Amino acid sequence: QVHLVESGGGLVQPGGSLRLSCAASGIIFNFNIMGWYRQAPGKERELVSSIGSGGEITYADSVKGRFTISRDNAKSTVYLQMNSLKPEDTAVYYCKLTDFRGVYWGQGTQVTVSS
């Protein structure tokens, strides 16, 4: 089993920054994809960014140039540095890990961008 715990969410003003962390515990295999999704009220959950164990990275168009994903394989942790935050970035952010066994989700962390 895999357990994912997100941290780093909160309230920030437009233009501000936050750094999300997601630590995976349990039986973690070397080959996996870790990523961040978000879900705003009344909207479907959407991909924000993902990173493979070999460093392959994907970003949603809406966050390119503002968000940066990274991972520390030794710590089984993925990070999301979010800069130049906008009110439309407000959502619950979820961490996801995918490997050959299936898909695992964290419980989510709230990010609110408001003045």
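Being modelled with pLDDT of 95 or more and more than 12 Å from the chain's Cα centre (by Cα) is a description that does not apply to Val92.
Residue count for the stretch 1-27 satisfying the condition of being open to solvent by 50 Å² or more (accessible area, probe 1.4 Å) and farther than 25 Å from Asn83 by Cβ: 5.
Out of the residues in the stretch 102-115 that are assigned to a strand (DSSP E or B) and either open to solvent by less than 60 Å² (accessible area, probe 1.4 Å) or touching a residue at least 24 places away in the same chain (Cβ under 8 Å) (or both), which is farthest from Gln13 (Cα to Cα)? Top of the filtered list is Gly102.
Just one residue in the set Ser84, Ser50 is modelled with pLDDT of 95 or more, more than 14 Å from Gly8 (Cβ to Cβ) and in a loop (DSSP other than H, G, I, E, B); that residue is Ser84.
Only one of the listed residues (Ala23, Ala40, Ala60) is touching a residue at least 24 places away in the same chain (Cβ under 8 Å) and either β-branched (Val, Ile, Thr) or under 15 Å from Ala91 (Cα atoms) (or both). That residue is Ala40.
The one condition from (1) within 18 Å of Pro41 (Cα to Cα); (2) in contact (Cβ under 8 Å) with a residue 60 or more places away in the chain that Glu88 does not meet is (2).
Taken over the stretch 53-65, the criterion of being surrounded by 15 or more Cβ atoms within 10 Å (Cβ to Cβ) and either hydrophobic (A, V, I, L, M, F, W, C) or in a helix (DSSP H, G or I) (or both) is satisfied by Ala60, Val63. Restricting attention to the stretch 74-101, the residues that are of a type outside the set (Asp, Glu) and open to solvent by 20 Å² or more (accessible area, probe 1.4 Å) total 16.
The values are calculated or read from the model by the stated rules, or taken from the named source; none is laboratory data. Just so it is clear, the structure is predicted and the values come from calculations on it, not from any experiment. Backbone-built Cβ (ideal geometry, glycine too); neighbour counts: all protein chains shown. Please note that ligands, DNA and RNA were not included when accessible areas were found on the heavy atoms of the full protein model with its side chains. Shrake-Rupley method; radii C 1.70, N 1.55, O 1.52, S 1.80 Å.
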